[in-house]
Amino acid sequence: MINKNSPLPIYYQIEEQIKQQIESGVLKPGDMLKSEREYAEYYDVSRMTVRQAINNLVNQGYIYKKKGSGTYVQEKKIEQALNGLTSFTEDMRKREMEPSSRLLKFELIPATAKIAKELNLKENTPVTEIKRIRYGDGIPIAIERNLLPANLVKGLNEEIINQSLYQYIEEELNLRIADALQVIEASTASKTEADLLEIQKGSPILLIERKTFLADGTVLELVKSAYRADRYKFMITMQR
Ligand code: 16G
């Protein structure tokens, strides 16, 4: 229950209670929450107060509103450990989700000056460009664009790309993927991104740039991806 004499604002107390119900599993992903009116009656507070608690939980990604329907508990976010260099396929499998992809582009392009510099190639060297929507259990999670030196990934075809790129590189080409540099930035979805990710335009997304290296220091890929921020979070363990 809430304590009206507490120095903690009432909306905050309600927010924390709902959060606790979600974290403890009393409210499960996909469950519909009570309406604002019901919460207001239940806690004996104004609907404005309830609305503030609800909006805060929406902003924190715990719940989401469906127009004309109600407010629901959000699915759990997929965590990617930042200290392990994983592929999308491995990432999903670890979460016991089924990975899949939709191929939007698979082309050979000549390296522009900028791409050539990043990949340590001469300008106009053939580069393989791959654009995929990545899904977990059929839900779009990310849009991903990879650029790889074409001579490094010989034999790549659509069938392979629909499975795992890293698996092919390691198991078929016997190259050793060693490390990567990754930059993560917050942004909002453009109309095109929103349509591909099946979210509303302007929803939060995480823009990720990854430059991956082979054990001998060769640049293997440049990747730009847009992840749905409501479905994805990063986790990092640190040592001192
Ligand atoms: C991840 C990587 C991406 C890599 C892909 C390979 C991030 C931000 N990016 O999505 O760099 O190319 O996995 O996935 O994590 P695959 O082996 O499933 O094709």
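With respect to (1) free of Cβ contacts under 8 Å to residues at least 40 places away in the same chain; (2) away from the ligand (no atom under 14 Å from the Cβ); (3) in contact with a strand residue (DSSP E or B) (Cβ under 8 Å, 6 or more places away or on another chain), the lone exception for LEU181 is condition (2).
Being among the small types (Gly, Ala, Ser) and either under 20 Å from LYS76 (Cβ atoms) or part of a helix (DSSP H, G or I) (or both) is the filter here; which residues of the stretch 1-39 pass it?
Within the stretch 1-39, the first condition is being among the small types (Gly, Ala, Ser), and the residues that meet it are 6, 24-25, 30, 35.
Passing the criteria: SER24, GLY25, GLY30.
Here the condition is being exposed (fewer than 15 other Cβ atoms within 10 Å of the Cβ), in contact with a helix residue (DSSP H, G or I) (Cβ under 9 Å, 6 or more places away or on another chain) and under 23 Å from TYR227 (Cβ atoms); of LEU181, LEU104, LEU173, LEU147, it holds for LEU104 alone.
Determine whether LYS122 is of a type outside the set (A, V, I, L, M, F, W, C) and in a loop (DSSP other than H, G, I, E, B). Let's see the steps before the verdict.
Details: of a type outside the set (A, V, I, L, M, F, W, C): yes; in a loop (DSSP other than H, G, I, E, B): yes.
For LYS122, the condition - of a type outside the set (A, V, I, L, M, F, W, C) and in a loop (DSSP other than H, G, I, E, B) - is met.
When the stretch 136-154 is limited to residues that are assigned to a strand (DSSP E or B) and within 15 Å of GLU90 (Cα to Cα), the one that is farthest from the ligand (Cβ to nearest atom) turns out to be GLY136.
Apart from one condition, GLY30 fits all of (1) loosely packed, with under 14 Cβ neighbours inside 10 Å; (2) in contact with a helix residue (DSSP H, G or I) (Cβ under 8 Å, 6 or more places away or on another chain); (3) under 20 Å from SER203 (Cα atoms); the exception is (2). On the given criteria, is ILE199 away from the ligand (no atom under 12 Å from the Cβ) and buried (at least 18 other Cβ atoms within 10 Å of the Cβ)? Spelling it out, ILE199 is indeed away from the ligand (no atom under 12 Å from the Cβ) and buried (at least 18 other Cβ atoms within 10 Å of the Cβ). With respect to the stated conditions, GLU221 fails to be buried (at least 18 other Cβ atoms within 10 Å of the Cβ), at pLDDT 95 or above, more than 13 Å from the ligand (Cβ to nearest atom) and not in a loop (DSSP other than H, G, I, E, B). Can we say LEU173 is farther than 13 Å from PHE88 by Cα, of a type outside the set (D, E, K, R), without any contact (Cβ under 8 Å) to a residue 24 or more places away in the chain and in contact with a Leu (Cβ under 9 Å, 6 or more places away or on another chain)? Against the criterion (farther than 13 Å from PHE88 by Cα, of a type outside the set (D, E, K, R), without any contact (Cβ under 8 Å) to a residue 24 or more places away in the chain and in contact with a Leu (Cβ under 9 Å, 6 or more places away or on another chain)), LEU173 qualifies. Evaluated against (1) within 14 Å of the ligand (Cβ to nearest atom); (2) assigned to a strand (DSSP E or B), GLN167 falls short on exactly one condition, (2).
Within the stretch 132-154, track down each residue that is of a type in the set (D, E, K, R) and touching a residue at least 40 places away in the same chain (Cβ under 8 Å).
Restricting attention to the stretch 132-154, the residues satisfying the condition of being of a type in the set (D, E, K, R) are 132, 134, 137, 144-145, 154.
Result: ARG134, ASP137, GLU144, ARG145.
Give me the pairs, please: first residue somewhere in the stretch 155-167 and farther than 14 Å from PHE88 by Cα, second residue anywhere and near the ligand (Cβ under 7 Å from one of its atoms), beta-carbon distance under 8 Å, and either six or more positions apart or on two chains. Between residues of the stretch 155-167 that are farther than 14 Å from PHE88 by Cα and residues that are near the ligand (Cβ under 7 Å from one of its atoms), the close pairs are LEU156/LEU165.
Select, from LYS105, LYS117, LYS131, the only residue that is outside any strand (DSSP E or B) and modelled with pLDDT of 95 or more.
Values: LYS105 fails: outside any strand (DSSP E or B); LYS131 fails: outside any strand (DSSP E or B).
Exactly one residue qualifies, and that residue is LYS117.
The values are calculated or read from the model by the stated rules, or taken from the named source; none is laboratory data. Computed from a predicted structure; not experimentally measured. We place every Cβ from the backbone using ideal geometry, glycine too, and count neighbours over all the protein chains shown.
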